[in-house]
Amino acid sequence: MLKGSKVGLRARHEDDIPILRTELYDDVVNGSRAESRPWRPITPGSKDSRLVVDDNEQGHVPFSVVELDGGTLIGTATLWGIDTHHRSAHIGLGLLPSARGKGYGTDVVAVLCHYGFVVRGLHRLQIETLSDNAAMLRSAERNGFVREGVLRSSAWVMGEFLDQVLLGLLAQEWKPASKG
């Protein structure tokens, strides 16, 4: 398990799947805001890649996020679009409603940075998020990510086009937490 100050990132367990399906992916509004594709229900037992991990997929590393104090499942985190030639990847995360607003997002981003830069030897990490996603923007910027641009009207979400903010962090700019 990779550990931050508040959260741990671990492999997806079978008993995580019903919780993630119900609390994250069955939420039409948040699911629509989090995905780059239209929301659709996930059938129980589905092998949907948002839930079931394919251990042979090298460009996408999903984690379950747990509280260090007690091990309760609180969300998902992903390093995706991993490009081993350019040594870059994208960061994504989703917290269960009960875990939002508690500072977990900032810690998840920090742990994903450690995984990307230290474990994987990447040079650049990138985040794309909706311009009104204050929590993700705050979590990224607290970890040293720099706003690199705005993709105007690039996301179709619940009947309207929204802007996305592009943020980047280079390995040499990253300042790891003292705990490592």
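The table that follows gives values for the structure above.
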item: Alpha carbon centroid spacing (whole Å) that separates region 113-180 from region 26-104; result: 15 Å
item: Charge-dipole axis of region 8-97 as Lys and Arg at +1 and Asp and Glu at -1 on Cβ define it, positive-most pick from SER32, GLY75, PRO44; result: SER32
item: Per residue convex hull volume, Cα atoms of region 1-85, in Å³; result: 119 Å³
item: Size of charge dipole - the chain - debye, nearest 20, with Cβ of Lys, Arg +1 and Asp, Glu -1, no other charges; result: 460 debye
item: Summed side-chain charge close to LEU167 - residues other than LEU167 whose Cβ falls under 15 Å, Lys, Arg +1, Asp, Glu -1; result: -2
item: Region 107-180, relative contact order [Cα under 8 Å, separation at least 6], %; result: 36 percent
item: If the convex hull is drawn through the Cα atoms of region 21-134, its volume per residue in Å³; result: 126 Å³
item: Estimated distance in nm for a label pair at SER154 and VAL28, the labels positioned 7 Å out from Cα along Cα-to-Cβ; result: 2.8 nm
item: Built amide H within the under 5 Å cut-off of VAL7, gap 5+; result: LEU68
item: Accessible area of the chain divided out per residue, in Å², using a probe of 1.4 angstrom; result: 54 Å²
item: Kirkwood Rh and Cα Rg combined as Rg/Rh, region 110-180; result: 1.05
item: Additional length obtainable on full extension of the chain from ASP54 to LEU170, 0.36 nm per residue less Cα span; result: 39.0 nm
item: Karplus-derived HN-Hα couplings along region 92-108 (A = 6.51, B = -1.76, C = 1.60, θ = phi - 60°), whole Hz, x at Gly and Pro; result: x, 8, x, 9, 4, x, 5, 9, 7, x, 10, x, 5, x, 4, 5, 4
item: Ranked order, MET1, MET158, MET136 - accessible area, probe 1.4 Å, largest first; result: MET1, MET158, MET136
item: Loop trypsin sites (Lys or Arg not before Pro), region 16-84, which have at most 14 other Cβ atoms in a 10 Å radius of their Cβ (DSSP); result: LYS47
item: Fully extended contour minus Cα-Cα distance, from HIS85 to ARG100, at 0.36 nm per residue; result: 1.9 nm
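The values are calculated or read from the model by the stated rules, or taken from the named source; none is laboratory data. Keep in mind that what you see is a predicted model, and the values were worked out from it rather than measured. Ideal geometry is used to build each Cβ from the backbone, glycine not excepted, and the neighbour counts take in all protein chains shown. Accessible surface areas use protein heavy atoms only, side chains included; no ligands, DNA or RNA. Shrake-Rupley method; radii C 1.70, N 1.55, O 1.52, S 1.80 Å.
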